[in-house]
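Have a look at the structure below, then the notes.
The values are calculated or read from the model by the stated rules, or taken from the named source; none is laboratory data. Quantities reported herein were computed from a predicted structural model and do not represent experimental measurements. In this analysis, Cβ positions are derived from the backbone assuming ideal geometry, glycine residues included, and neighbour counts consider all displayed protein chains. Surface areas here come from the heavy atoms of the whole protein model, side chains and all, with no ligands, DNA or RNA. Shrake-Rupley method; radii C 1.70, N 1.55, O 1.52, S 1.80 Å.
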Amino acid sequence: MTDKLRVFSGIKPSGDPHLGNYLGAIRNWVADQERYENFFCVVDQHAITVPYDPEELRRNVRQLVAVLVACGIDTERSVLFVQSHVPEHTELAWLLTCNTPLGWLQRMTQFKDKSVGQGESVGTGLLTYPALMAADILLYQAAVVPVGDDQKQHVELARDIAGRFNSLYGETFVVPEPVIRGVGARVMGLDDPTRKMSKSVAGQFHAVGLLDEPKVIQKKFSRAVTDSQQEILFDDNRPGVTNLLTIHQVLSGLTKEELEARFVGKGYGDLKKELGALVAEALAPIQQRYAELTDDPQVLDRILVAGAEQASVVAGQTMERVRQSMGLR
């Protein structure tokens, strides 16, 4: 047993992992491995709520697991697994769905956004997606869930669902707390700095992939949207330059004041060139480790099997309590 707080973190294999994933989440997960008891999950069942290609999903899952390990997730200290390899996720999701008022799901911002224009053709999974996310968290009795601003509503719903379940059936779940980080928690798209960098957004200059070559990284930053002003400053009204400075700040460790002073009298070209080199340097060891991991497919196979076994122990214990509480045993 450990006295560390238990943390659940999930990441969806819906495309190539990018710089926003790394700076907003993965880098912090790696740094906090000694601080928390961590469960890191590749949530592949969340990726099937919209049209997808099965072969691409398989590729994305394995790629993402390899990237997470390459970034520094240590499977000796943390549990790393794939959601669909632990069937208790879908069992608990159904039981929670049966105890979640419809109105709670219909109010979710993500459902409203993604269902626009689809009418009755919208998939049911898109509506019940938050119940599955709640199951992911509650299954491991997680006390803390690190999320970006856009996912806070989902954790709040998980809290509501846990509280309702505990009220109906007795104390069963830990009620989780969301943790939102400051600097680097929200990296924006290079082509549209008003939108969060996303794996699902099309466009070759939107995101910097964690496996991009240095020349590709440099080209993407050179095309990054800024503005027509001259000074290089942090300014909420200038999202393009602020996004570039934020990325630099997270990787370099410099303060806002130090960064602004560094680029006094310089232009956007200087900032973009220096930032491209900084990002390429930061990603080089990750890419080298990724190449080593994917050179032998059996390495990933062993990681996936071991992770599922570890996760299943905790998931099984929780589900036995749930079944007993609901009269299913």
With +1 on the Cβ of every Lys and Arg and -1 on the Cβ of every Asp and Glu, the dipole magnitude of the chain about its Cα centre, in debye rounded to the nearest 20, is 380 debye
Over the chain, calculate the relative contact order: mean separation of alpha carbon pairs under 8 Å at least 6 apart, over the residue count, as a percent.
-> 21 percent
If the cut-off is 18 Å between C-alpha atoms, which aspartates and glutamates fall inside it for LYS215, apart from same-chain ones fewer than 8 positions away?
-> ASP16, ASP191, ASP270, GLU274, GLU281
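Heavy atoms only, probe 1.4 Å: what % of the accessible area of the chain goes to carbon and sulfur, would you let me know?
Values: 7760 of 15640 Å².
Taking all protein chains in place, the chain shows 50 percent carbon and sulfur surface.
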Inter-part distance where region 248-282 and region 188-244 are each reduced to a Cα centre, Å = 13 Å
Excluding same-chain residues fewer than 8 positions from LYS220, which lysines have a Cα within less than 25 Å of its Cα?
-> LYS12, LYS196, LYS199, LYS256, LYS266, LYS272, LYS273
Is it possible to state the helix-based mean residue ellipticity at 222 nm for the chain, with each DSSP H run of 4+ residues giving -39500 (n - 2.57), the sum divided by total residues, to the nearest 500 deg cm²/dmol? What is it?
-> -16000 deg cm²/dmol
What is the sum of charges around THR90, taking Lys and Arg as +1, Asp and Glu as -1, for the other residues whose C-beta is under 13 Å from the C-beta of THR90?
-> -4
For region 170-261, what is the relative contact order in percent, using Cα pairs closer than 8 Å and at least 6 residues apart in sequence?
-> 24 percent
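Taking the Cα centre of region 190-329 as origin and charging only Cβ (+1 Lys, Arg; -1 Asp, Glu), how large is the dipole, in debye to the nearest 20? Please list the in-between numbers first.
On the way: 18 positive and 20 negative charges, 89 e Å.
The calculated dipole for region 190-329 is roughly 420 debye.
Rounded, prolate or oblate: which fits region 254-329, taking a ≥ b ≥ c as square roots of the Cα gyration tensor eigenvalues, rounded meaning a/c under 1.5, else prolate when a/b beats b/c? All intermediate terms of the calculation are to be shown ahead of the outcome.
Details: a/c = 6.21, a/b = 2.09, b/c = 2.97.
Taking the square roots of the gyration eigenvalues as a ≥ b ≥ c, region 254-329 is oblate.
Per residue, how large is the accessible surface of the chain? Use a 1.4 angstrom probe and give square angstrom.
Details: 15640 Å² over 329 residues.
Result: 48 Å² of accessible area for each residue.
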Using the Karplus curve 6.51 cos²θ - 1.76 cosθ + 1.60 with θ = phi - 60°, work out ³J(HN,Hα) for each residue of region 275-283 in order, rounded to whole Hz, and write x for Gly and Pro.
-> 5, x, 5, 5, 5, 4, 5, 5, 8
Apply the Karplus parameterisation 6.51 cos²θ - 1.76 cosθ + 1.60, with θ equal to phi minus 60°, to every residue of region 218-223 and state each ³J(HN,Hα) to the nearest whole Hz, in sequence, with x for glycine and proline.
-> 4, 5, 5, 5, 5, 9
Two-decimal log10 I(q)/I(0) for region 204-256, as the Debye equation yields it once each C-alpha is a single scatterer, q = 0.14, 0.17, 0.23, 0.28 Å⁻¹ = -0.41, -0.60, -0.98, -1.17
Can you tell which of ALA280, HIS206, THR318 lies farthest toward the positive end of the dipole of region 201-329, using +1 and -1 charges on the Cβ of basic and acidic side chains (Lys, Arg; Asp, Glu)?
-> THR318
Out of GLY267, GLY240, GLY103, any idea which swings most in a Gaussian network model of the chain, alpha carbons joined below 10 Å?
-> GLY103
Rounded accessible area of LEU328 (nearest 10 Å², 1.4 Å probe) = 90 Å²
